[in-house]
1. List every residue whose amide H lies under 5 Å from the amide H of Arg127, counting only residues 5 or more places away in sequence or on a different chain, with H placed 1.01 Å from N in the peptide plane.
2. Mean projection of the alpha-carbon convex hull of the chain over all orientations, in nm²?
3. So how tilted is helix 167-182 from the main axis of the chain? Cα-based, degrees 0 to 90, rounded to 10.
4. For region 27-138, what value does the Rg/Rh ratio take when both radii are computed over Cα atoms and Rh is the Kirkwood radius, given to two decimals?
5. Taking only the C-alpha atoms, wrap a convex hull around region 122-174 and report its volume per residue in Å³ as a whole number.
6. Apply the Karplus curve 6.51 cos²θ - 1.76 cosθ + 1.60, θ = phi - 60°, to the phi angles in region 2-17 and return the couplings in whole Hz, x for Gly and Pro.
7. Among Lys104/Lys154; Lys104/Lys196; Lys178/Lys211; Lys52/Lys107; Lys76/Lys196, which pairs are too far apart, with a Cα-Cα distance over 25 Å?
8. What three numbers, in Å, describe the spread of the alpha carbons of region 84-152 along their principal axes, ordered from the longest?
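Only the coordinates and a few stated rules stand behind these numbers; no lab work does. Fair warning: this is a prediction, and the values are worked out from it, not measured in the lab. Please note: Cβ atoms are built from the backbone with ideal geometry, for glycine as well, and neighbour counts cover all protein chains shown.
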Amino acid sequence: MLKVSGLNAGYGSVKIIWDESFEINDGEIVAILGSNGAGKTTTVRAVTGMIKPQSGSVMFNGEEICRHTSRQILDKGIIQVPEGRQLFTGMTVLENLEMGAFNKELKGHFADNLKKCYAWFPKLEERAKQTAGTLSGGEQQMVAVARALVGEPKLLILDEPSLGLAPNIVDEILGVAKDLAETGVSVMLVEQDITKALAVADRGYVIENGKITLNGTSAELQGNEHVKKAYLGI
Ligand code: ATP
């Protein structure tokens, strides 16, 4: 599904990510792990066309998308839930979800997708008419995830979904990611919380100082001595 090879990217002349290669198969949850400032969000921005990679390749379902615009990439079904959610805080929950149906076809599917979102996150139905900015952090994250789901992602990118949230809310959101993956949707789970991420991911890659230093199945990474010492505190 997604195959990134030799990716270099950054801001202006500053290079942040160095020669990254990773792949995500259909229906797989792949964690992109690393501490604050490691380069995870920059990787997401390069994959989603928000910054133009300096070099390398991003193949999606056999097509090179490295030079595509972010809108073209969105239309292909790569949809991200950005770090910090970026909701329209002055609009209601329902209006935010409507924004996720970004083309005519999706607008036609909106009623069905809204039902699915309410089944995944029943709180959102109760809060449909409430202004998004007045919701709790956890509820706002649910809106951000539901808005992405209304876009019918083929690859869903979750950027730090656990940030600042209570563990039970994180579990609820990651549970939805797991259900989605079972329907064939691929999930790129970008996380600092390695314990939570590896509990749901099939595989993971560790980024340190802009480079992928380790990769393996979740079980392999959980048992890796460097991961244990540097990230899990064991
Ligand atoms: P975090 O968990 O804090 O988001 P991260 O692993 O996602 O960490 P990035 O946001 O990719 O890290 O940041 C990697 C490096 O790129 C950092 O040194 C950061 O200061 C720098 N950086 C991020 N955004 C920009 C920008 N718009 N312009 C210049 N440098 C940036």
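1. Amide H neighbours of Arg127, under 5 Å, 5+ apart: none.
2. 12.2
3. Helix 167-182 sits at roughly 80 degrees to that axis.
4. Numbers: Rg = 16.4 Å, Rh = 16.3 Å.
With Rg and the Kirkwood Rh in hand, the quotient comes to 1.01.
5. Details: hull volume 4.6 nm³, N = 53.
Output value, Cα hull per residue: 87 Å³.
6. These are the phi-based 3J(HN,Hα) values: 10, 9, 9, 9, x, 7, 10, 7, x, 10, x, 8, 8, 8, 10, 10 Hz.
7. Working: Lys104/Lys154 18 Å; Lys104/Lys196 36 Å; Lys178/Lys211 27 Å; Lys52/Lys107 29 Å; Lys76/Lys196 29 Å.
Over 25 Å apart, Cα to Cα: Lys104/Lys196; Lys178/Lys211; Lys52/Lys107; Lys76/Lys196.
8. 31, 21, 19
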